[in-house]
Amino acid sequence: MQIFATFEHSIYLELALSSLNTIGIQKKSILAVPLENRVEERKLFDSLHRSDGVSLFDKGVALAVVFSVIGASLGFEWEWGPIYWGLLGAASGFLFGFIIDLLIYKVFSKRKRLLKGKKSEVILIVACHPDKVEKVEQILWDHHALGVAKTEDASGQ
């Protein structure tokens with residue numbers, strides 16, 4: 001059997017490795033692979049083939065509607081008329097909403113992304129006999145694994 005677990009790179013990983021050695025899992029049956037975390041910033045605009053679920057246009061469209069209605073209403077009394085003032089209101093509302101969304105995403109959400117959640121930094125792969133699977137899983141969970149999975153060994157043993 002193979003057991004996969006993800007850990008933060010911390011003392012708990014080292015404690016899990018030493019606990020696995022004490023129950024008879026040899027070092028040659030354990031593989032720890034450190035992951036490289038993403039260092040580049042996410043792309044701001046979506047493409048046809050990739051979307052991250054963040055929309056910068058929602059507030060812009062809503063404010064464009066509001067500002068165009070206000071501009072068109074007041075445009076009946078102003079010099080250029082309701083059509084020009086409605087279009088100017090729509091453009092300014094869209095830009096205003098887009099800038100608000102952009103600031104929220106770039107400034108406030110960036111702080112939350114840095115603080116939110118724990119990152120998996122190490123993948124631990126343990127090969128063991130089927131009679132030790134439950135004990136190995138319990139050791140991994142007790143030492144704060146972020147996730148654990150088990151599979152049959154590829155060789156069928």
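The values are calculated or read from the model by the stated rules, or taken from the named source; none is laboratory data. Please read these numbers as outputs of a predicted model, since none were measured by experiment. With ideal geometry, Cβ positions are generated from the backbone for all residues, glycine too; neighbour counts draw on all protein chains shown.
Of the residues in region 1-17, how many are farther than 23 Å from Pro130 by Cβ and part of a helix (DSSP H, G or I)?
Matching residues across region 1-17 total 5.
I need the full set of residues from region 110-141 which are out of contact with any Leu (no Cβ under 9 Å at 6 or more places or on another chain) and either surrounded by 14 or more Cβ atoms within 10 Å (Cβ to Cβ) or at pLDDT 85 or above (or both), in order please. Don't jump to the end; show me each part of the working.
Initially, region 110-141 is screened for residues out of contact with any Leu (no Cβ under 9 Å at 6 or more places or on another chain), giving 110-117, 129-135, 137-138, 141.
Scanning region 110-141 gives His129, Pro130, Asp131, Lys132, Val133, Glu134, Lys135, Glu137, Gln138, Trp141.
Let me confirm something: among Phe57, Phe67, which residue is modelled with pLDDT under 90 and surrounded by 11 or more Cβ atoms within 10 Å (Cβ to Cβ)? It would help to see each step written out before you state the result.
Values: Phe67 fails: modelled with pLDDT under 90.
After applying the criteria, what remains is Phe57.
Could you please tell me which pairs satisfy a Cβ distance under 6 Å, a separation of 6+ or placement on different chains, a first residue in region 24-37 that is exposed (fewer than 12 other Cβ atoms within 10 Å of the Cβ), and a second residue that is in a strand (DSSP E or B) and not polar (S, T, N, Q)?
These pairs meet every condition: Val33/Ile123; Pro34/Val122.
Working only within region 142-157, note down all residues that are exposed (fewer than 14 other Cβ atoms within 10 Å of the Cβ) and modelled with pLDDT of 85 or more.
Going residue by residue through region 142-157, those that are exposed (fewer than 14 other Cβ atoms within 10 Å of the Cβ) are 142, 147, 149, 151-157.
Asp142, Gly147, Ala149, Thr151, listed by residue number.
Where residues in region 125-135 are in contact with a helix residue (DSSP H, G or I) (Cβ under 7 Å, 6 or more places away or on another chain) and part of a strand (DSSP E or B), which of them is farthest from Met1 (Cα to Cα)?
Going residue by residue through region 125-135, those that are in contact with a helix residue (DSSP H, G or I) (Cβ under 7 Å, 6 or more places away or on another chain) are 126-128.
Now narrow it down to the ones that are part of a strand (DSSP E or B): 126-127.
Details: Val126: 8, Ala127: 6 Å.
Checking each candidate, the answer is Val126.
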